[in-house]
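Peer 1: This is the structure I have questions about; it appears just below.
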Amino acid sequence: MRKKLWAIASILAVVFATGTNAQKIDWNIFAEPFLSAAHAQDINWQQVDDVLGRKPAVAGDVRRYGFPRSDLSVTLDGVTIKPALALGGWVAFKPAHGGAMVMGDLVLLDSEINPVMAKMIASGLEITAVHNHLLRANPETFYMHIAGHGDAVQLATAIREGLAASKTPGVVPNPATPPPAVDLDTAQLDQIIGVKGQANGGVYQFNVPRRDPITEGGMALTPVGPMGVAIGINFQPTGAGKAAITGDFVLTGEEVNPVIVAMRTHGIEVTALHSHMLDEQPRLFFMHFWANADAIELAKGLRAALDKTASTKG
């Protein structure tokens, strides 16, 4: 509501100051890219970096900070899960009316959920979801989605203090050795999935955008990958051409069951179905999955599921 009032007040101020006929105003100048660019100049991003103790990945006007749980050793069906496969917590900052909006997905043990939640709530951050992504993992991990709007440095401070109630590493460690090569036919995976993947920490990752625009609280969630609203697919090699796969499909309601059927038909386990946000348009559901089998055959199954969605290809 505060964001909408701020935007309305700004528009009215221009109208009254110029005496312009409202019917002749080019309302496009008040579009989100204009507002984001204006407010990005007011944010001390270096201070945000310093508070969070890490550098972000920057895409467009979004700065995404990684909080991988490199301190955990999690196994599932005999596979030791790399942080980039399913343990990569993150927060993303995007300039917004009067400051910044932040969204994030934090990886926590069950014993960490309530202490972190209490800190986040006390600092004015919103909790938008708490759930599992995987089944049978040892130890069990859970995922807490957060959101907020305001001064970027204050938001960063709240996130840092909240995570201090967990054992999430405060500083991203520099790996002593480079990550292993992804021992998969990545060119064929690219061809089947329909977009170009990229290697990250020994995992081959895909971000598949939806064709429909996605907004939260009236703000466009772009770029979609850094904001967590692209379909995410991860392959971790497990030897002999096999891979463990997980990630999440971003779905509208009518897509949910066709995708479940496509997954199950191709031997891919559906492990969770839930929301991540509270006020997005269109209403979205996030479906998590798991399998460990021949990577090419799994990619074909994922492609069959993608064909049931309004996602991009090529």
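Peer 1: For the range 112-234, what does the accessible surface come to per residue with a 1.4 Å probe? Please give it in Å². Let's see the in-between values first.
Peer 2: On the way: 5730 Å² over 123 residues.
For the range 112-234, the per-residue accessible area is 47 Å².
Peer 1: Give the accessible area for S73 in Å² (nearest 10); use a 1.4 Å probe, count only protein heavy atoms, and leave out ligands, DNA and RNA.
Peer 2: Surface open to solvent at S73 totals about 80 Å².
Peer 1: Alpha carbons only, please: Rg and Dmax for the range 97-155, in angstrom.
Peer 2: Cα radius of gyration and Dmax of the range 97-155 are 13.0, 44 Å respectively.
Peer 1: Sticking with this one: Compute the Rg/Rh shape ratio of the range 195-246: radius of gyration over Kirkwood radius, all on alpha-carbon atoms. Kindly include the intermediate steps, with their values, before the conclusion.
Peer 2: Working: Rg = 13.8 Å, Rh = 12.4 Å.
Rounded to two decimals, Rg over Rh is 1.11.
Peer 1: Accessible area of the range 166-314 with a 1.4 Å probe: how many percent of it is carbon plus sulfur? It would help to have the intermediate numbers written out before the result.
Peer 2: Numbers: 3470 of 6490 Å².
Answer for the range 166-314 is 53 percent, counting heavy atoms of protein chains only.
Peer 1: Using only the Cα atoms, work out Rg/Rh for the range 64-195, with Rh taken as the Kirkwood radius, to two decimals. Before the final figure, lay out the partial values.
Peer 2: Values: Rg = 16.6 Å, Rh = 16.3 Å.
Rounded to two decimals, Rg over Rh is 1.02.
Peer 1: For R303, R64, what's the largest-to-smallest order of accessible area, 1.4 Å probe? Walk me through the intermediate numbers first.
Peer 2: Values: R303 25, R64 70 Å².
So the residues, ranked largest to smallest area, are R64, R303.
Peer 1: Would you mind telling me which residue in V116, V250, V171 has the biggest mean-square fluctuation in a Gaussian network model of the chain, where springs connect alpha carbons within a distance under 10 angstrom?
Peer 2: V171
Peer 1: Another question, if that's okay. I'd like to know how the chain sits against the 2.2 N^0.38 Å rule of thumb: what's its Cα Rg over that expected value?
Peer 2: Numbers: Rg = 20.5 Å, N = 314, 2.2 N^0.38 = 19.6 Å.
Dividing the Cα radius of gyration by 2.2 N^0.38 Å gives 1.05.
Peer 1: Run the numbers on the range 45-112 and let me know its relative contact order in percent, using alpha-carbon pairs under 8 Å that are six or more apart.
Peer 2: Values: 83 pairs, mean separation 17.4, N = 68.
Relative contact order of the range 45-112: 26 percent.
Peer 1: Continuing with this model, one more query. I'd like the per residue volume of the convex hull spanned by the Cα atoms of the range 40-120, given in cubic angstrom.
Peer 2: Numbers: hull volume 9.5 nm³, N = 81.
Once divided by residue count, the hull of the range 40-120 is 117 Å³.
Peer 1: Another question, then. Among the complete DSSP H segments of the chain, which ones combine at least 15 Å of alpha-carbon extent along their axis with a mean Kyte-Doolittle hydropathy of 0.0 or more? Intermediate values should be presented prior to the final figure.
Peer 2: Numbers: long enough: 2-18 (24 Å, 1.19); 110-122 (19 Å, 0.29); 152-163 (16 Å, 0.76); 295-306 (16 Å, 0.90).
In the chain, the long hydrophobic H runs are 2-18, 110-122, 152-163, 295-306.
Peer 1: If you don't mind, there's one more thing I want to ask. Over the chain, what relative contact order in percent results from Cα pairs under 8 Å that are six or more residues apart? Please list the in-between numbers first.
Peer 2: Details: 592 pairs, mean separation 49.5, N = 314.
For the chain, the relative contact order is 16 percent.
Peer 1: State log₁₀ I(q)/I(0) for the range 160-219 at q = 0.16 Å⁻¹ as given by the Debye formula over alpha-carbon point scatterers of equal weight, solvent excluded.
Peer 2: Relative scattering, expressed as log10 I(q)/I(0), comes to -0.84.
Peer 1: Also, I was wondering about something else. May I ask for log10 I(q)/I(0) of the range 239-293 at q = 0.29, 0.31 Å⁻¹, from a Debye sum over the Cα atoms as equal point scatterers with solvent left out?
Peer 2: Taking Cα atoms of the range 239-293 as identical point scatterers yields -1.16, -1.25.
Peer 1: Once you've got the GNM for the chain with C-alpha springs shorter than 10 Å, pick whichever of G60, G218, G197 has the biggest mean-square fluctuation.
Peer 2: G60
Peer 1: With an 8 Å cut-off on Cα pairs and a minimum separation of 6 or more residues, tell me the relative contact order of the range 146-226 in percent.
Peer 2: Working: 37 pairs, mean separation 12.4, N = 81.
The value is 15 percent.
Peer 1: Right, something else. In nm, to one decimal, how far is the modelled label at D185 from the one at E126, with both set 7 Å along Cα→Cβ?
Peer 2: So the label points at D185 and E126 sit 4.6 nm apart.
Peer 1: Put I121, I231 in order of accessible area, largest first, 1.4 Å probe: what do you get? Please list the in-between numbers first.
Peer 2: On the way: I121 100, I231 0 Å².
In descending accessible area the options line up as I121, I231.
Peer 1: Under a 5 Å amide H to amide H cut-off, with H placed in plane at 1.01 Å, what residues pair with A244 once short-range neighbours are removed?
Peer 2: Q236, T238
Peer 1: Here's a follow-up. When the gyration tensor of the range 160-314 is built from Cα positions, what are the square roots of 5 times its three eigenvalues, in whole Å, from largest to smallest? Please report the intermediate quantities before stating the final value.
Peer 2: Details: eigenvalues 120, 110, 42 Å².
Equivalent-ellipsoid dimensions as semi-axes: 25, 23, 15 Å.
The values are calculated or read from the model by the stated rules, or taken from the named source; none is laboratory data. All values reported here derive from a predicted model rather than from experimental measurement. Every residue, glycine as well, gets a Cβ built from its backbone with ideal geometry; the counts of neighbours run over all protein chains shown. Accessible surface is based on the protein model in full, side chains and every heavy atom, while ligands, DNA and RNA are left aside. Shrake-Rupley method; radii C 1.70, N 1.55, O 1.52, S 1.80 Å.
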